[in-house]
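The values are calculated or read from the model by the stated rules, or taken from the named source; none is laboratory data. Everything numeric here is computed off the predicted structure, so don't read it as measured data. Cβ coordinates were reconstructed from backbone atoms using ideal geometry, including for glycine residues, and neighbour counts include every protein chain displayed. The accessibility values were calculated without ligands, DNA or RNA, using every heavy atom of the protein model including side chains. Shrake-Rupley method; radii C 1.70, N 1.55, O 1.52, S 1.80 Å.
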Amino acid sequence: MKTQSFRFRGGVVRIAAWHGRPDVASLAVRGRAALAPASIERLLDRVRASGYREVVTNALAPAATLPLVDAGFAVRGRLRILEHDLSSLP
């Protein structure tokens with residue numbers, strides 16, 4: 001399926017097949033604002049119309065997940081970020 005973009009107030013969502021699976025959409029949410037409920041509804045309508053049956057998102061900040069969880073999304077995993085200051089390398 002073809003990659004699409006969906007603009008919302010304060011950002012954009014890129015829609016593409018997740019790991020090449022034609023039935024699962026990957027949403028890459030970018031922006032400074034969380035998606036509004038009406039925007040999520042329009043986005044999901046577009047995803048359904050494109051033939052997807054499931055949706056996953058990129059890692060999101062906790063505040064950005066709230067409207068999506070309210071719309072029926074479930075947390076699938078938590079992102080762990082690791083760091084190393086490189087000052088004590090062996």
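If R0 equals 30 Å, the separation of the Cβ atoms of ARG32 and ALA71 corresponds to a calculated FRET efficiency of about 0.95. From helices alone, the chain scores -7500 deg cm²/dmol at 222 nm; the rule is -39500 (n - 2.57) for each run of n ≥ 4 DSSP H residues, then divide by the residue total. Using C-alpha pairs under 8 Å with a sequence gap of at least 6, the mean separation divided by the residue count of the chain gives a relative contact order of 23 percent.
Surface exposure of the chain, expressed per residue as accessible area with a 1.4 Å probe, stands at 75 Å². Surface composition of the chain: carbon plus sulfur atoms hold 53% of the accessible area, using a 1.4 angstrom probe and ignoring ligands, DNA and RNA. FRET efficiency for the LEU89 to ALA59 pair, using the beta carbon distance and R₀ = 25 Å, is estimated at 0.35.
Within the set (i) 35, 30, 25; (ii) 54, 28, 22; (iii) 35, 33, 21, the number that Cα extents along the principal axes in Å takes when calculated for this structure is listed as (ii). Choose one answer from ARG30, ARG46, ARG78: the residue with the largest mean-square fluctuation in a GNM of the chain with alpha-carbon springs under 10 Å. Highest fluctuation of the listed residues: ARG78. The Cα atoms of segment 16-65 give a gyration tensor whose axes a ≥ b ≥ c have a/c of 1.5 or more with a/b no greater than b/c, which makes the shape oblate. Taking a point 7 Å out from the Cα of ASP45 in the direction of its Cβ, the residues of segment 1-33 whose backbone N falls within less than 16 Å of it are 6-9.
Rounded to the nearest 10 degrees, the inclination of helix 37-49 to the longest alpha-carbon principal axis of the chain is 70 degrees.
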